[in-house]
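What follows is a single structure, written as structure tokens, with notes after it.
The values are calculated or read from the model by the stated rules, or taken from the named source; none is laboratory data. Remember, predicted model here, so these are calculated numbers, not experimental data. Cβ coordinates were reconstructed from backbone atoms using ideal geometry, including for glycine residues, and neighbour counts include every protein chain displayed.
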Amino acid sequence: MAPAGTTARDVQVAAAYFVGGLLLLAVSGGIHVLGLIEDAPRALLAGPLAVASAGIALRRLAPVAGLGLGLAGLLGDVALGGSLATILVFTQALYETCVYGPAWLWRWVLRVSVALTGVAAILGPLALGQWPGLGLAVVPVLVFVLPTITALTVRQYRDQAAADRARAEQTARLAELDRRQAVTAERNRMARELHDVIGNRLSAVAIHASALLSVKNLDPDTVERALRVIRENGVQGLAEMRQMVQLLRDPRGGVDADADSPTNARLAEAERLVAQVRDAGLAVEFAITGQPRPLPVSVDLAGYRILQESLANALKHGPGEARVAIAYEPDGVTLTVANPLPPGPTEGPRAGTGPSHDGSGHGLIGMRERADLLGGSFDAGPDGGTWRVHAYLPTREAER
């Protein structure tokens, strides 16, 4: 059903057509096409005109009834002799019905209009006895066919505009969904980055603080070493946090700060990282093969974070020793970190030293994501009696 405001406007439009038709009747009168009622007063022509105008008022509220009123007004007008005003109002009523009515209605109107045109084309020559009688077909073409075709064109453009609006709204919804997914993905990435930057440092601090609290009568040298490790990890953790906050505030400033910082996270600092882990109590065998060379920033950062997270996991979950190997290859760099599995179950969720059995699992996810973003590969899991982390980071992909 049409809204009340729309129906009121339709009534106003119909009233305007009726007033215009009355003015046309006053000027031109009837055209006396058929005149089934002889010498009908001109005033009677206002009746069919009013009925046809009422059909326009129902164009949206009841299109079928509107078409019926328009057709009734036309037939009544022809019976009274016919007038140009009512014929014009009927063509408008027919047009409005085809625009706002259901699809089956305009199809039916089009078929009937074409049929009337064909009948007129046949009966015209037969009635006049000559070919100029074909001109009779012009009347149904003007009164029925043209308004219908015009309405179909308008309806097609209207439906196309509605479809375009629907597609635009769908595109906007998809864009908003993509934006929300991007925000969620970025939040997850930032959470993993914070885990890598701060979690490892705090883990070392917590391990040494727990040792100081749990072991009694430690010699002063051991206490001093533990406190130095706690202080160093705390200071470097704050520095790395400061770099990340600066990067989030100003990406360009963050990059510059990272380049000038003594705590720059890059594979060239792998020996320093290994030394820190050794000071934390993990016995590390460290080996570099190939010729070390400057790496793309993305590869340097990803390699350092993977190495840092792997050593932190070995420190937290392993029995106290690990092997680290960095291989510089012509088209990439390979990182391998392995530590013996501690005594415990070999099956189930607590098997091995994977961080997921007593941690958040963000470490493995973050390492795999870093390798995938560079087009590399990552694998972590039990390998015989060891927990092995293996990552390959291509440099050619990162340089493109």
Exactly one of 137, 52 is farther than 25 Å from residue 11 by Cβ, among the aliphatic types (A, V, I, L, M) and buried (at least 20 other Cβ atoms within 10 Å of the Cβ), and that one is 137
Against the condition within 18 Å of residue 307 (Cβ to Cβ), outside the structural domain of residue 306 (by TED's automatic domain parsing) and at pLDDT below 75, how does residue 201 come out, does it pass?
yes
Across the range 285-301, the tally of residues that are assigned to a loop (DSSP other than H, G, I, E, B) and surrounded by 13 or more Cβ atoms within 10 Å (Cβ to Cβ) stands at 3
Across the range 271-297, the tally of residues that are of a type outside the set (A, V, I, L, M, F, W, C), touching a residue at least 24 places away in the same chain (Cβ under 8 Å) and touching a Phe, Trp or Tyr at 6+ places or on another chain (Cβ under 8 Å) stands at 5
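Looking only at the range 224-236, filter to residues that are among the aliphatic types (A, V, I, L, M) and surrounded by fewer than 14 Cβ atoms within 10 Å (Cβ to Cβ); which one of those is nearest to residue 306 (Cα to Cα)?
Of everything passing the filter in the range 224-236, 235 is nearest to residue 306 (Cα to Cα).
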So, residue 145, is that one surrounded by 17 or more Cβ atoms within 10 Å (Cβ to Cβ), among the β-branched types (Val, Ile, Thr) and modelled with pLDDT of 90 or more or not?
yes
Out of (1) over 22 Å from residue 48 (Cα atoms); (2) of a type in the set (Ser, Thr, Tyr); (3) within 42 Å of the chain's Cα centre (by Cα), the one residue 148 does not meet is (1)
Counted residues in the range 84-106 being loosely packed, with under 13 Cβ neighbours inside 10 Å and part of a helix (DSSP H, G or I) come to 2
Pairing a residue in the range 102-117 that is within 9 Å of residue 145 (Cα to Cα) with any residue that is polar (S, T, N, Q) and in a helix (DSSP H, G or I), where Cβ atoms lie under 6 Å and the two sit 6 or more apart in sequence or on different chains, gives 109/148; 110/148; 113/148
Residue pairs qualifying under the 7 Å Cβ cut-off, at least six apart or on distinct chains, with the first in the range 122-149 being under 19 Å from residue 109 (Cβ atoms) and free of Cβ contacts under 8 Å to residues at least 40 places away in the same chain and the second being polar (S, T, N, Q) and surrounded by 16 or more Cβ atoms within 10 Å (Cβ to Cβ), are 137/117; 140/113; 140/117; 141/117; 145/113; 145/117
If you go through 128, 136, 142, the only one that is in the same structural domain as residue 92 (by TED's automatic domain parsing), under 13 Å from residue 94 (Cβ atoms) and over 34 Å from the mean Cα position of the chain (by Cα) is 142
Being among the polar types (S, T, N, Q) and modelled with pLDDT of 90 or more narrows 336, 263 down to just 336
The residue from 348, 375, 352 that alone is at positive phi and either modelled with pLDDT of 85 or more or assigned to a strand (DSSP E or B) (or both) is 375
